[in-house]
Amino acid sequence: MEAVRRDVRLLGDLLGRVLVEQEDETLLADVEHVRALARSARQGTRRDELRDAVEALPLARQASVLRAFALYFQLANVAEQHNRIRRRRAYAREERMGRESLAAAFAELGDAPAADVSLKLVLTAHPTEAARRTVLAAHLRIAALLAALDEGDDVADALAGEITMLWQADEVRTRRPQVVDEIRNGHWFFEQSLIDAAERLLAEYRRRLPDAPVPLRFGSWIGGDADGNPQTNVETLAEARDRATSLLLQRYSADVRALAAELGVSSRLTPVSEELLRSIAADEAELPEYTVEIGDQNLDEPYRRKLSFVWRRLQDGAYDAFADDLDVVDRSLRANRGERIADGALAALRRRVELFGFVLADVEVRVHARDAVDPDERIRALLAAAGDTVIVSGVSSAEDVRRVQKLTPAENVVPLFESVEALRAAPEIYEELLCREVMVGYSDSAKDAGYLAAQWEIRSALVALAEVARRRGAEVTFFHGRGGSAGRGGGPTYDAILAQPQGVPPGRLKITEQGETIAFKYGLPELAHRNLEAALAATVLAASRAEDDVDTTLIVALADRSRAAYGELVDDPRLVGFFRSFTPVDELALLNIGSRPSRRPEGAEYLASLRAIPWVFAWTQNRCLLPAWYGCGAAFAEADIGELRDLYGRWPFFRALVQNLEMTLAKSSMEIAAEYLELVDEPSLWEPIAAEHARTVVAVLEIVEADELLDRHPVVQRSIGLRNPYVDPINAIQVSLLRRYRAGDEEAAPPLLRSIAGIAAGLRNTG
């Protein structure tokens, strides 16, 4: 902890210096004054003084103060991410196995791991990433400088330069991104971290299971997700595919050049295989112009000469024999005492090609079931151009899937069951189709029934689906459409995989990676490796574990009571007006974070047409986080605490549910949320909301047997505690800006949007 405190303190001091340089000392004084008032307010005093202090600031100074706090969070986030890397390196030096590591998973399984493991992580196009790529790139550079600081380098000036750049860059997009922008953003994470992290992970996996197939693949909806996004079409699908291939061609070309420079093996000293020589002769015959161009270059260095032809072919695009050519080089090295050479950079390149080929990530097409009823030309063309997989959302019958099957050559047409009603119908629909993959949606089910009830409905559907598959002798992969926040099915991936039922056979699943979780998990290369490893380790364990044998009577009762309490709230005619006043949900539409509209086109009724992402995002902004806990307190209050503790202790599903709930409650702040009541004309719903929050906190503490939330996780608890005094002022300023904006002051809009981005950075969560 001392190292991360040092980093945060240094970054905070440098930020203060930059504020003075960029504006003046009065800005730093205002920031420090507001921060001190926020700390006092957290201790139960002077809350009115914080509100009065931010109200007294001119609009331009309010904007600068909230930008300062938001930038602090960016820096603190990078420092915490780097500290996770630091701890991971320390574990490696001490030869300690992390709980979520492959080493721990294989140690638990001993000699009987399941070799048939298949995990696919799918990046979605959902608009919840508030940070711009310019900002994310700066975070990478800051993390590298913190690593240099660990080695004793003097990096203060360089860090100050990066902080200055971030201050002068607008953290809020000036235009709504197009689909092509989202494609570039998604590919950036592959380029920066995922390609190399996945290759390293495959190497570790193969050391334990040398002959096992590749256990990890990637998919993407970016460029192919047409559900509610009129911008998505056959052109964006082609753009996503072409850009992915171009990215890989550039990477492979650079890798082959570097490998050629490394493989200076001389045939005058070491023999090579006849197969390699025949391959070079075939290249010379097939590429005569290039053969003339290179002349007798590397004639006595056949590996370099062969790789020169490989490089030349890559300049013309993807070619089928690329992996075969690398295999020829590998076999020749191994046959001539070059095993150690073959196990180096060449092996890493071969693994990258095995993982990605020229595809990078399968671009999956998604359409809503209604789109296939009377499809327009855009949908027809998109489905006709689809690859292997099409996702059909809004499925309520087998016919919904069959309509799409008639319009696409895709072999894998996947029904997505989202609402509680659809989840309950899923087993019957699946039995009619016996499709090879079934997707369950966490976001809409949670919006429909509340967190606890939705989690149980999803689990119940998965259990029933697996039973149908086993009875019919079918194989099925479960695709989990998890969001970033707990209110949309988020939470630690490792625990989530172990907590949910498996497909048939087990150990094969797909999971969505959405929004800001992509940057948080995969923005830094070493964190990308750690998070990929955690997901794969859990999949390996899940493939070999027996299904839970638990009496579900209690959880069924809990889900029913929770759903009733949640339903009473969302069906209350006062809720829509309260929600739109109490949260910045309408103002979120001004924030340019995604190409897709925030509301579905078919709904006239407000809540029904509102997507789950802005529903969760809005409640997150005012620190209430209601979708992730409402109804749980009412459910737990009527249950026997001993039975709840017993369930928590022995059932991974219930334990993960409660732990996610505890994390959400720790991040929530009803004191701050109450400040937004001044924006509400009719605040009578606040009392039952606050009471339910208090009930839920008490119940969770009783279940986990703790005095304070996250007592068993002091590092996370301390992180949240340190952040609060910095997030609170942004909320106070946001309330002021909302009042001004809603009164017609358009000048309040830009700082209002920055307040939204700042709170998202502070909580590391949007929707």
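The values are calculated or read from the model by the stated rules, or taken from the named source; none is laboratory data. Keep in mind that this is a model prediction, so the values were computed, not measured. Please note: Cβ atoms are built from the backbone with ideal geometry, for glycine as well, and neighbour counts cover all protein chains shown.
Can you list the helices (runs of 4 or more DSSP H) found entirely within segment 395-454 that contain at least 3 residues being over 15 Å from Arg482 (Cα atoms)?
Working: elements: 398-405, 420-433, 443-449.
Because the criterion is at least 3 residues that are over 15 Å from Arg482 (Cα atoms), the helices (runs of 4 or more DSSP H) in segment 395-454 that meet it are 398-405, 420-433.
Just wondering, is there one or more residues in segment 207-226 that are more than 22 Å from the chain's Cα centre (by Cα), free of Cβ contacts under 8 Å to residues at least 60 places away in the same chain and in a helix (DSSP H, G or I)?
yes
Name every residue in segment 175-186 that is crowded, with 19+ Cβ neighbours inside 10 Å and in contact with a Ser or Thr (Cβ under 9 Å, 6 or more places away or on another chain), in order of residue number. Full working, then the answer.
First, the residues of segment 175-186 that are crowded, with 19+ Cβ neighbours inside 10 Å: 177, 179, 182-183, 185-186.
Pro177, Val179, Glu182, Ile183, Gly186, listed by residue number.
I need the full set of residues from segment 217-237 which are surrounded by fewer than 24 Cβ atoms within 10 Å (Cβ to Cβ), modelled with pLDDT of 95 or more and farther than 15 Å from Thr389 by Cα, in order please.
Hits for segment 217-237 are Asn233, Glu235.
Hey, among the residues in segment 395-448 that are among the basic types (Lys, Arg) and under 30 Å from the mean Cα position of the chain (by Cα), which one's surrounded by the most Cβ atoms within 10 Å (Cβ to Cβ)?
Of the residues in segment 395-448, the ones among the basic types (Lys, Arg) are 402-403, 406, 424, 436, 447.
This time we only want the ones that are under 30 Å from the mean Cα position of the chain (by Cα), so: 424, 436, 447.
Working: Arg424: 14, Arg436: 17, Lys447: 26.
Filtering first and then ranking leaves Lys447.
For segment 697-742, what are the residues that are surrounded by fewer than 20 Cβ atoms within 10 Å (Cβ to Cβ) and on the phi > 0 side of the Ramachandran plot?
Glu705
Just one of Glu568, Glu547, Glu533 is at negative phi, crowded, with 22+ Cβ neighbours inside 10 Å and either among the charged types (D, E, K, R) or modelled with pLDDT of 90 or more (or both); which is it? Spell out the reasoning first.
Details: Glu568 fails: crowded, with 22+ Cβ neighbours inside 10 Å; Glu547 fails: crowded, with 22+ Cβ neighbours inside 10 Å.
Checking each option against the conditions leaves just Glu533.
Any residue at all in segment 206-214 that's buried (at least 18 other Cβ atoms within 10 Å of the Cβ), touching a helix residue (DSSP H, G or I) at 6+ places or on another chain (Cβ under 9 Å) and either farther than 27 Å from Ala105 by Cα or at pLDDT 95 or above (or both)?
Looking only at segment 206-214, we keep the residues that are buried (at least 18 other Cβ atoms within 10 Å of the Cβ), and these are none.
No, the conditions are met nowhere in segment 206-214.
Looking only at segment 180-209, which residues are more than 15 Å from Thr134 (Cα to Cα) and of a type in the set (Gly, Ala, Ser)?
Ser193, Ala197, Ala198, Ala203
Within the group Trp651, Trp629, which residue is under 30 Å from Ala760 (Cβ atoms) and in contact (Cβ under 8 Å) with a residue 40 or more places away in the chain? Show your work before the answer.
Numbers: Trp651 fails: under 30 Å from Ala760 (Cβ atoms).
Going through Trp651, Trp629 in turn, just one is under 30 Å from Ala760 (Cβ atoms) and in contact (Cβ under 8 Å) with a residue 40 or more places away in the chain: Trp629.
Taking the condition of being without any contact (Cβ under 8 Å) to a residue 60 or more places away in the chain and either among the polar types (S, T, N, Q) or under 24 Å from Glu526 (Cα atoms) (or both), how many residues in segment 162-205 meet it?
So the count comes out to 4.
Taking the options Val585, Val576, Val556, name whichever one is β-branched (Val, Ile, Thr) and outside any helix (DSSP H, G or I).
Val585
What tally of residues in segment 5-57 results from selecting those that are outside any helix (DSSP H, G or I) and among the hydrophobic types (A, V, I, L, M, F, W, C)? Lay out the reasoning, then the answer.
Looking only at segment 5-57, we keep the residues that are outside any helix (DSSP H, G or I), and these are 23-24, 43-46, 57.
Narrowing the set further to residues that are among the hydrophobic types (A, V, I, L, M, F, W, C) leaves 57.
Summing the residues that are outside any helix (DSSP H, G or I) and among the hydrophobic types (A, V, I, L, M, F, W, C) in segment 5-57 gives 1.
What do you reckon, is Leu679 in contact with a Ser or Thr (Cβ under 8 Å, 6 or more places away or on another chain), modelled with pLDDT of 95 or more and not acidic (Asp, Glu)?
Working: in contact with a Ser or Thr (Cβ under 8 Å, 6 or more places away or on another chain): yes; modelled with pLDDT of 95 or more: yes; not acidic (Asp, Glu): yes.
So Leu679 passes the test.
List, please: which pairs have Cβ atoms under 6 Å, are six or more places apart or on different chains, and start with a residue in segment 510-528 that is more than 24 Å from Leu416 (Cβ to Cβ) and of a type in the set (A, V, I, L, M, F, W, C) and end with one that is modelled with pLDDT of 85 or more and in a helix (DSSP H, G or I)?
Leu524/Gln81; Leu524/Ala143; Leu527/Gln81; Ala528/Ser193; Ala528/Leu194; Ala528/Ala197; Ala528/Tyr522
Say we look at segment 698-721 and pick out the residues that are without any contact (Cβ under 8 Å) to a residue 24 or more places away in the chain and hydrophobic (A, V, I, L, M, F, W, C); which of these is farthest from Phe654 (Cα to Cα)? I'd like the intermediate steps shown before the answer.
Initially, segment 698-721 is screened for residues without any contact (Cβ under 8 Å) to a residue 24 or more places away in the chain, giving 701, 706-708, 711-714, 721.
Narrowing the set further to residues that are hydrophobic (A, V, I, L, M, F, W, C) leaves 701, 706.
Numbers: Leu701: 15, Ala706: 17 Å.
It comes out as Ala706.
In the set Val292, Val310, which member is assigned by TED's automatic domain parsing to the domain that holds Ala348, hydrophobic (A, V, I, L, M, F, W, C) and in contact (Cβ under 8 Å) with a residue 24 or more places away in the chain? Explain how you work it out, then say what you get.
On the way: Val292 fails: in contact (Cβ under 8 Å) with a residue 24 or more places away in the chain.
Testing whether each residue is assigned by TED's automatic domain parsing to the domain that holds Ala348, hydrophobic (A, V, I, L, M, F, W, C) and in contact (Cβ under 8 Å) with a residue 24 or more places away in the chain leaves just Val310.
Of the residues in segment 132-183, how many are within 19 Å of Leu591 (Cβ to Cβ) and assigned to a helix (DSSP H, G or I)?
First, pick out the residues of segment 132-183 that are within 19 Å of Leu591 (Cβ to Cβ): 132-136, 166, 169-179, 181-182.
Still in the running and assigned to a helix (DSSP H, G or I): 133-136, 166, 179, 181-182.
Of the residues in segment 132-183, 8 are within 19 Å of Leu591 (Cβ to Cβ) and assigned to a helix (DSSP H, G or I).
If a residue must be under 15 Å from Leu37 (Cα atoms), hydrophobic (A, V, I, L, M, F, W, C) and out of contact with any Lys or Arg (no Cβ under 8 Å at 6 or more places or on another chain), how many such residues does segment 711-730 contain?
Taking segment 711-730 and keeping what is under 15 Å from Leu37 (Cα atoms), we get 722-730.
Applying the additional criterion that residues be hydrophobic (A, V, I, L, M, F, W, C) yields 722, 727, 730.
From what is left, the residues that are out of contact with any Lys or Arg (no Cβ under 8 Å at 6 or more places or on another chain) are 722, 730.
Result for segment 711-730: 2.
Scan segment 259-269 for residues that are surrounded by 12 or more Cβ atoms within 10 Å (Cβ to Cβ) and either in a loop (DSSP other than H, G, I, E, B) or free of Cβ contacts under 8 Å to residues at least 60 places away in the same chain (or both) and report the count.
First, pick out the residues of segment 259-269 that are surrounded by 12 or more Cβ atoms within 10 Å (Cβ to Cβ): 259-260, 262-263, 265-267.
Checking the rest, the ones that are also either in a loop (DSSP other than H, G, I, E, B) or free of Cβ contacts under 8 Å to residues at least 60 places away in the same chain (or both) come to 260, 263, 265-267.
Total meeting the criteria: 5.
Only one of Ala68, Ala60 is without any contact (Cβ under 8 Å) to a residue 24 or more places away in the chain and not assigned by TED's automatic domain parsing to the domain that holds Arg740; which? Steps first, please.
Details: Ala68 fails: without any contact (Cβ under 8 Å) to a residue 24 or more places away in the chain.
It is Ala60.
Sort out which residues of segment 515-551 are of a type in the set (Val, Ile, Thr) and out of contact with any helix residue (DSSP H, G or I) (no Cβ under 8 Å at 6 or more places or on another chain), and write them in order of number. Reasoning before the result, please.
Of segment 515-551, the ones of a type in the set (Val, Ile, Thr) are 517-518, 539-540, 550.
Within segment 515-551, Thr517 is the sole residue that qualifies.
Quick one: how many residues across segment 156-174 are among the acidic types (Asp, Glu) and either surrounded by fewer than 17 Cβ atoms within 10 Å (Cβ to Cβ) or in contact with a His (Cβ under 7 Å, 6 or more places away or on another chain) (or both)? Walk me through how you get there before you give the answer.
Let us first name the residues in segment 156-174 that are among the acidic types (Asp, Glu), namely 157, 162, 170-171.
The next check asks that each one be either surrounded by fewer than 17 Cβ atoms within 10 Å (Cβ to Cβ) or in contact with a His (Cβ under 7 Å, 6 or more places away or on another chain) (or both); those that pass are 157, 170.
Count: 2.
Condition check: surrounded by 17 or more Cβ atoms within 10 Å (Cβ to Cβ), closer than 24 Å to Leu123 by Cβ and not assigned by TED's automatic domain parsing to the domain that holds Ala757. Does Ala542 satisfy that? Give the derivation first.
Details: surrounded by 17 or more Cβ atoms within 10 Å (Cβ to Cβ): yes; closer than 24 Å to Leu123 by Cβ: yes; not assigned by TED's automatic domain parsing to the domain that holds Ala757: yes.
Judged against the criteria, Ala542 is a match.
Considering every residue within segment 734-742, establish whether at least one is in a helix (DSSP H, G or I), closer than 28 Å to Val31 by Cβ, hydroxyl-bearing (Ser, Thr, Tyr) and touching a Leu at 6+ places or on another chain (Cβ under 8 Å).
Narrowing segment 734-742 to residues in a helix (DSSP H, G or I): 734-742.
Subsequent filtering for residues that are closer than 28 Å to Val31 by Cβ retains 734-742.
When the remaining residues are screened for being hydroxyl-bearing (Ser, Thr, Tyr), the result is 736, 741.
Retained after the next criterion (residues that are touching a Leu at 6+ places or on another chain (Cβ under 8 Å)): 741.
Looking through segment 734-742, at least one residue is in a helix (DSSP H, G or I), closer than 28 Å to Val31 by Cβ, hydroxyl-bearing (Ser, Thr, Tyr) and touching a Leu at 6+ places or on another chain (Cβ under 8 Å).
Looking at Gln62, Gln81, which is the one that is touching a Phe, Trp or Tyr at 6+ places or on another chain (Cβ under 8 Å) and in a helix (DSSP H, G or I)?
Values: Gln62 fails: touching a Phe, Trp or Tyr at 6+ places or on another chain (Cβ under 8 Å).
When all the criteria are applied, what remains is Gln81.
So is Asp153 free of Cβ contacts under 8 Å to residues at least 40 places away in the same chain, surrounded by fewer than 21 Cβ atoms within 10 Å (Cβ to Cβ), over 26 Å from Leu753 (Cα atoms) and of a type in the set (D, E, K, R) or not? Step through it out loud before you land on a result.
On the way: free of Cβ contacts under 8 Å to residues at least 40 places away in the same chain: yes; surrounded by fewer than 21 Cβ atoms within 10 Å (Cβ to Cβ): yes; over 26 Å from Leu753 (Cα atoms): yes; of a type in the set (D, E, K, R): yes.
Against the criterion (free of Cβ contacts under 8 Å to residues at least 40 places away in the same chain, surrounded by fewer than 21 Cβ atoms within 10 Å (Cβ to Cβ), over 26 Å from Leu753 (Cα atoms) and of a type in the set (D, E, K, R)), Asp153 qualifies.
Would you pick out the residues in segment 359-384 that are part of a loop (DSSP other than H, G, I, E, B) and buried (at least 19 other Cβ atoms within 10 Å of the Cβ)? Walk me through how you get there before you give the answer.
Pass one, segment 359-384, residues part of a loop (DSSP other than H, G, I, E, B): 359-361, 364, 373-376.
Across segment 359-384, the qualifying residues are Leu360, Ala361, Glu364.
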